[in-house]
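Here's the structure, in structure tokens; my notes come after.
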Amino acid sequence: MGKKQDMPPQHRSPDQPEPGGQKGRPGVVDSRASSAVDAEQVAGQAQAGVDPELQAARDEVEASFARYQRLAADFENYKRRTRQELADRTQYANEELLRKLLPILDNLRRALDHAPEGIDRNWFDGLRMVVRQFEDTLQAQGVSPIPAVGEKFDPSQHEAIAREETDEHEEGTIVEEMQPGYRLHERVLRPTLVKVAHPRALKS
């Protein structure tokens with residue numbers, strides 16, 4: 001009998017299973033799958049097992065920051081109010097003094113309006129110059145006259161002390177200024193005393 005021919009070793013592809021039904025190489029683990037599982041576990045533990053003391057500290061920090069923001073906003077509003085109050089106090093510091101000076105100006109004007117005949121012209125011109133200086137000084141302090149004649153009656157700056165029945169003017173129109181009124185900046189210093197138009201009563 002002849003010798004048995006030696007059988008060449010069989011070559012298997014890497015994907016071909018090992019004899020005995022074992023798959024893959026012994027001792028080899030898929031690292032990608034294990035990494036994904038570990039990440040999910042860590043995330044689950046982070047959500048489920050947050051340190052209560054750490055969470056309490058975070059809540060306290062957030063509450064403190066919210067209080068700080070409110071205090072900062074309140075302080076800004078306080079500074080704004082303080083600046084406005086200071087500006088108003090400076091702007092209207094002389095309000096009472098200026099109001100007391102207005103009757104003096106009224107009397108000086110009456111002296112000009114009712115000057116007797118034959119009065120010295122130089123004296124009259126000198127008094128008129130004083131009145132003009134008085135008016136200029138008031139104007140420099142922020143005092144300005146309130147328009148009256150021909151204007152619509154405004155109770156916030158006019159005071160009606162008489163009325164005139166007429167059909168020549170629309171009802172509520174100021175037809176005469178009895179005493180001039182003045183405004184200090186945006187505030188009424190003294191209202192204007194006026195006579196207001198009123199429609200004539202119908203005769204029966």
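Name the single residue that is surrounded by the fewest Cβ atoms within 10 Å (Cβ to Cβ) among those in region 72-95 being in contact (Cβ under 8 Å) with a residue 12 or more places away in the chain and not in a helix (DSSP H, G or I). Break it down into steps so the answer makes sense when it comes.
Going through region 72-95, the residues in contact (Cβ under 8 Å) with a residue 12 or more places away in the chain turn out to be 91-92, 94-95.
Okay, now just the ones that are also not in a helix (DSSP H, G or I), so 92, 94.
Values: TYR92: 16, ASN94: 14.
Among them, the one singled out is ASN94.
Filter region 107-121 for residues that are assigned to a helix (DSSP H, G or I) and among the charged types (D, E, K, R); which is farthest from the chain's Cα centre (by Cα)? Spell out the reasoning first.
Taking region 107-121 as the starting set, the residues that turn out to be assigned to a helix (DSSP H, G or I) are 107-113, 121.
Restricting the remaining residues to those that are among the charged types (D, E, K, R) gives 109-110, 113, 121.
On the way: ARG109: 44, ARG110: 46, ASP113: 49, ARG121: 57 Å.
This residue is ARG121.
Can you tell me which condition ILE104 does not meet? The list is (1) of a type in the set (A, V, I, L, M, F, W, C); (2) modelled with pLDDT under 90; (3) within 50 Å of the chain's Cα centre (by Cα), and all the others hold.
Answer for ILE104: the failing condition is (2).
Among the residues of region 146-192, how many are under 36 Å from the mean Cα position of the chain (by Cα), under 25 Å from LEU97 (Cβ atoms) and surrounded by 14 or more Cβ atoms within 10 Å (Cβ to Cβ)?
Final tally of qualifying residues: 16.
Pick from ASP125, ASP154, ASP136: which is at pLDDT 90 or above, outside any helix (DSSP H, G or I) and not small (Gly, Ala, Ser)? Step through it out loud before you land on a result.
On the way: ASP125 fails: outside any helix (DSSP H, G or I); ASP136 fails: outside any helix (DSSP H, G or I).
Result: ASP154 is the single residue among ASP125, ASP154, ASP136 that is at pLDDT 90 or above, outside any helix (DSSP H, G or I) and not small (Gly, Ala, Ser).
Of the numbered conditions (1) exposed (fewer than 13 other Cβ atoms within 10 Å of the Cβ); (2) closer than 30 Å to ARG200 by Cα; (3) in contact (Cβ under 8 Å) with a residue 24 or more places away in the chain, ILE104 satisfies every one except a single condition; which is it?
Of (1) exposed (fewer than 13 other Cβ atoms within 10 Å of the Cβ); (2) closer than 30 Å to ARG200 by Cα; (3) in contact (Cβ under 8 Å) with a residue 24 or more places away in the chain, only one is false for ILE104: (2).
Of all residues in region 131-143, how many are free of Cβ contacts under 8 Å to residues at least 40 places away in the same chain and not charged (D, E, K, R)?
Here is the first cut: in region 131-143, the ones free of Cβ contacts under 8 Å to residues at least 40 places away in the same chain are 131-137, 139-140.
Filter once more, so that each one left must be not charged (D, E, K, R): 131, 133-134, 137, 139-140.
So the count comes out to 6.
Pull up region 108-124, narrow it to residues that are surrounded by 10 or more Cβ atoms within 10 Å (Cβ to Cβ) and without any contact (Cβ under 8 Å) to a residue 24 or more places away in the chain, then point me to the one that is nearest to LEU138 (Cα to Cα).
If we filter region 108-124 for residues that are surrounded by 10 or more Cβ atoms within 10 Å (Cβ to Cβ), which is where we start, we get 108-112, 115, 119, 123-124.
Next, from what is left, pick out any that are without any contact (Cβ under 8 Å) to a residue 24 or more places away in the chain: 109-112, 115, 119, 123-124.
Details: ARG109: 15, ARG110: 18, ALA111: 19, LEU112: 19, ALA115: 24, ILE119: 28, TRP123: 23, PHE124: 21 Å.
For region 108-124, the residue satisfying everything is ARG109.
For SER204, indicate whether it is modelled with pLDDT of 90 or more, of a type outside the set (Phe, Trp, Tyr), open to solvent by 70 Å² or more (accessible area, probe 1.4 Å) and in a loop (DSSP other than H, G, I, E, B). It would help to see each step written out before you state the result.
Working: modelled with pLDDT of 90 or more: no; of a type outside the set (Phe, Trp, Tyr): yes; open to solvent by 70 Å² or more (accessible area, probe 1.4 Å): yes; in a loop (DSSP other than H, G, I, E, B): yes.
Judged against the criteria, SER204 is not a match.
The values are calculated or read from the model by the stated rules, or taken from the named source; none is laboratory data. None of these values were measured; they are calculated from a predicted model. Note: ideal-geometry Cβ built from the backbone for every residue, glycine included; neighbour counts use all protein chains shown. Heavy atoms of the whole protein, side chains included, go into the accessibility calculation; ligands, DNA and RNA do not. Shrake-Rupley method; radii C 1.70, N 1.55, O 1.52, S 1.80 Å.
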